[in-house]
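S.K.: What follows is a structure written as structure tokens; I'll ask about it next.
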Amino acid sequence: MLRIFVISQNATTMKRPEPSKLADARPDEARRFGWFAGVFTPDILTILGVIMFLRLGWVVGNAGLLGSIAIIVLAKVITICTGLSMSSITTNIRIGAGGAYSIIAKSLGLEAGGGVGIPFYVSQTLSAGLYIFGFTEGWTMIFPAHDPTIVALAVWALLLGVSYFSTALALKIQYFVLAAIVAAVASFLLSPGEPAADMRLIGTFEDAGFWDVFAIFFPAVTGIMAGANLSGDLANPRKAIPLGTMSAILVTMTIYIGMAWVLAFVVPNETLRDDQLAMVDYALSGPVVIVGILAATFSSALGSIVGAPRVLQALAERETVPASKLFAAKSKSAEPRNAVAFTGAVIAVSLLLGDLDALAALITMFFLITYGMLNLVVFIQQSMEIISFRPTFKIPRFVPALGAVGCVFVMFLINAVFSVVGIVAVVGIYAWLTRKGLRAEGGGDIRGGMFLALAEAASRLSSKFPRHQISWKPDLLVPIEDPDVWGGSLLFLQNITYPNGSVFAFTARDREVKQTRERLEKLLDPLRSRNMHVHAAVIEEPDFIHGAKIVIQTLHGGALRPNSLFLTVGTDSKKDEAIRTLVRHAVDYELGVVALRQHPRVAFGMQKDVSLWLRDKSPNWHLAMLITLQLQMNWGGKINLVTVADPDKPRRYYRDFLESLSDQARLPAMTEFHILRGGFEEAVKSAPRADVNIFGLADQINLEQIRRLPDFTQSSCLFVRDSGHESALA
């Protein structure tokens, strides 16, 4: 019994390097194939495979004529959608080397391309081994005295030699293979058998249910990427790929339906279910069908052993796999011989290991993930409505959506466990490649535009709803007068915004704008290196305060606007009026205010403990509490709630006040309460030691007191004013 009934018959043919590297690499005459030789024939050979000869009868025996036609049409709907999506995307870009890998990498980035491309390569490589096993078992049915191991190794050597020395020869061989398959199909369609007495229009599904039968049949209709993988060698890929691909899909659907009708009409139902060689027995010429079966397995193995090295070479060309320099190399005739040799070695090992049936379903999952990703790429680009996506072959948006959903559905239908394993493998490879920091050439991919489109859509949607206090996060607007001498702390900015906050820094200059922008970007680079959301801008304006007002006014109308102004208070009292002006403007435009006075020597100490000063019945403490919680979360220390008691009120009153506030704000259990007596400055001197002290910012700002407080507390101090849109109790 053949060992390839579950494996997708996706055979991939030769591919080329990226267009940017191709122009001078190969002569124009190499691109000589039309739609028939370059697309239609490779697709036909991969779709009309061994499952058609040996499993279609079993499908008809269980599903009946109408049921089997329904299964064929339903399976073809998914591949038609995928074929249409692939035809569309290949008329918008030159896909270059790697076929599906190149399409996905150019659209969703090298990491996504590699996440799909590496399993796709492994699947094609192991598929070649499975097809060689299938050919060997078919051969030994005819010549039972032949040693299966010797037959398998002989076929492997023949296939490897063809792939290693000449892909042109492989393309010539496909005509002989096609002729054998066509002859076998014709021999059966012209069957001289008498009408079966027990022909069934509706099956009883005795061996398996409808979806089980569908899952077994579905791999027979895959393999539609074979032609697209030859895009670099097509005379006119924009016309050849849609015409060749869709013609192959429709022609093979007609053949499948015709063969199902003949099977149901002339072969007894019991024979269909029990005899996998029923086509041989009822054909006009049994030996011709046997030759067709051997040709089908041989063509699938040849397609895989020719196509897999091209995928590996394309992956290596973008440094997506280990030993990239070795596998990316090509011979003078543009043959990826290092990749071919390595692939051949892997196939040889798989043959020596023996039965690969356990991996068959997993390999099918990787093929389906690839097809699903192709549909997803087209759907995303259609949904973005970007001008760069203008394929000459246009399709409705529901087509790729249906194709993507259909691929996922079929994956879990065939094997839910292997579906999860396949998805986890793709995600794992994607994460590994992301850490490698791959860099694409020629302008990158659409991910930036995709996320920008999502952000714009979210922005339009969010504008319909008021901002809620429960979704508050620290988004700081940071004016920097001079990036070269800015006195703030980048680490502290990180500590009060990480992990979900953001920083928008700006300055104003009317000269050396470009140089100033470079210095500002360099100043903020440490924050970006910590994967923070950081934006920077230089306003061409001679008056810094006027420029700051423009920024505040402009950002106020945006959906993704800052919610707090972050200022630093230095020693120069000449800038006091500028600070007061900025605070007033921030309050007018509903921004919270966070003013930092950093201790010149101890800075933020051990970055552990935070003291939050609260005043009974003060309405201005929500933003201060939220900042405190951010620091405690990132520092891992404890919170001190500190208040100065009125001598006329009992200590228990303040204790209840702090405990109630702590409970409502859900502060950590390690929070300590401190009730101090005396005047404010005297209380400050007796306060618990902390790495930062946080105070409220009064309406009338006393900047001299702000400058003195770090000396009293022996720590940096933060002064905070609510905007009215925060709530520490949300």
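The values are calculated or read from the model by the stated rules, or taken from the named source; none is laboratory data. All of these numbers come straight from a predicted model, not from anything done at the bench. Counting neighbours? That spans all protein chains shown, and the Cβs are built from the backbone with ideal geometry, glycine included.
Residue by residue, here is whether (1) free of Cβ contacts under 8 Å to residues at least 24 places away in the same chain; (2) of a type outside the set (V, I, T); (3) assigned by TED's automatic domain parsing to the domain that holds L158; (4) more than 30 Å from I395 (Cα to Cα) holds:
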site	(1), (2), (3), (4)
P309	no, yes, yes, yes
L312	no, yes, yes, yes
G344	no, yes, yes, yes
L352	yes, yes, yes, yes
I369	no, no, yes, no
I380	no, no, yes, no
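S.K.: A further question follows. If you take the residues of the range 327-345 that are assigned to a helix (DSSP H, G or I) and out of contact with any Phe, Trp or Tyr (no Cβ under 9 Å at 6 or more places or on another chain), which of them is nearest to L159 (Cα to Cα)?
M.R.: Step by step, filter the range 327-345, then rank; the result is A345.
This table checks each residue for (1) buried (at least 20 other Cβ atoms within 10 Å of the Cβ); (2) part of a strand (DSSP E or B); (3) touching a Lys or Arg at 6+ places or on another chain (Cβ under 8 Å); (4) not aliphatic (A, V, I, L, M).
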{"position": "D663", "(1), (2), (3), (4)": "no, no, no, yes"}
{"position": "A669", "(1), (2), (3), (4)": "no, no, no, no"}
{"position": "V684", "(1), (2), (3), (4)": "yes, no, no, no"}
{"position": "R689", "(1), (2), (3), (4)": "no, no, no, yes"}
{"position": "N693", "(1), (2), (3), (4)": "yes, yes, no, yes"}
{"position": "S723", "(1), (2), (3), (4)": "no, no, no, yes"}
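S.K.: Scan the range 177-195 residue by residue and report those that are in contact with a Phe, Trp or Tyr (Cβ under 9 Å, 6 or more places away or on another chain) and either farther than 29 Å from I44 by Cβ or outside the structural domain of L48 (by TED's automatic domain parsing) (or both).
M.R.: Result: P195, single match.
S.K.: Continuing with this model, one more query. List the number of the failed condition for L178; all other conditions in (1) within 16 Å of A301 (Cα to Cα); (2) surrounded by fewer than 16 Cβ atoms within 10 Å (Cβ to Cβ); (3) not hydroxyl-bearing (S, T, Y) hold.
M.R.: (2)
S.K.: Given the conditions (1) under 22 Å from V221 (Cβ atoms); (2) surrounded by fewer than 16 Cβ atoms within 10 Å (Cβ to Cβ), which single one is not true for S300?
M.R.: Every condition holds for S300 apart from (2).
S.K.: Could you look through the range 491-517, keep only residues that are in a helix (DSSP H, G or I) and within 32 Å of the chain's Cα centre (by Cα), and pick out the one that is surrounded by the fewest Cβ atoms within 10 Å (Cβ to Cβ)?
M.R.: Top of the filtered list is L491.
S.K.: Let me ask something additional. Filter the range 297-323 for residues that are touching a Ser or Thr at 6+ places or on another chain (Cβ under 8 Å) and among the polar types (S, T, N, Q); which is farthest from K106 (Cα to Cα)?
M.R.: Result: S299.
S.K.: Kindly evaluate F165 against the criterion of being surrounded by 15 or more Cβ atoms within 10 Å (Cβ to Cβ), of a type in the set (F, W, Y), farther than 27 Å from V251 by Cβ and in the same structural domain as G307 (by TED's automatic domain parsing).
M.R.: Here the answer is yes, as F165 does meet what is asked.
S.K.: Give just the number: which of (1) outside any loop (DSSP other than H, G, I, E, B); (2) closer than 20 Å to S489 by Cβ does L555 not satisfy?
M.R.: Among (1) outside any loop (DSSP other than H, G, I, E, B); (2) closer than 20 Å to S489 by Cβ, the lone unmet condition for L555 is (2).
S.K.: I would also like to ask the following. Could we say that A314 is out of contact with any Gly (no Cβ under 6 Å at 6 or more places or on another chain), assigned to a helix (DSSP H, G or I), buried (at least 24 other Cβ atoms within 10 Å of the Cβ) and not polar (S, T, N, Q) here?
M.R.: Considered against the rule, which asks whether it is out of contact with any Gly (no Cβ under 6 Å at 6 or more places or on another chain), assigned to a helix (DSSP H, G or I), buried (at least 24 other Cβ atoms within 10 Å of the Cβ) and not polar (S, T, N, Q), A314 comes out as no.
S.K.: Could you go through the range 6-29 and let me know if any residue there is charged (D, E, K, R), surrounded by fewer than 24 Cβ atoms within 10 Å (Cβ to Cβ) and modelled with pLDDT of 50 or more.
M.R.: No, the range 6-29 contains no residue that is charged (D, E, K, R), surrounded by fewer than 24 Cβ atoms within 10 Å (Cβ to Cβ) and modelled with pLDDT of 50 or more.
S.K.: Hey, could you check the range 615-636 for residues that are surrounded by fewer than 20 Cβ atoms within 10 Å (Cβ to Cβ) and part of a loop (DSSP other than H, G, I, E, B) and say which is modelled with the highest pLDDT?
M.R.: The selected residue is G636.
S.K.: Okay, next question. Give just the number: which of (1) over 42 Å from the mean Cα position of the chain (by Cα); (2) under 17 Å from D722 (Cβ atoms) does F566 not satisfy?
M.R.: (1) is the only condition that F566 fails.
S.K.: Taking the range 580-595, which residues are buried (at least 21 other Cβ atoms within 10 Å of the Cβ) and among the hydrophobic types (A, V, I, L, M, F, W, C)?
M.R.: L582, A586, L591, V593, V594, A595
S.K.: Which numbered condition in (1) of a type outside the set (D, E); (2) touching an Asp or Glu at 6+ places or on another chain (Cβ under 8 Å); (3) in contact (Cβ under 8 Å) with a residue 40 or more places away in the chain is the only one that I706 fails?
M.R.: The single condition I706 does not satisfy is (2).
S.K.: Got a sec? Which helices (runs of 4 or more DSSP H) wholly within the range 346-464 have at least 3 residues that are modelled with pLDDT of 80 or more?
M.R.: Per the criteria, 357-384, 398-414, 416-436.
S.K.: Regarding the range 195-210, can at least one residue be identified that is in a helix (DSSP H, G or I), of a type outside the set (S, T, Y) and farther than 27 Å from V288 by Cβ?
M.R.: yes
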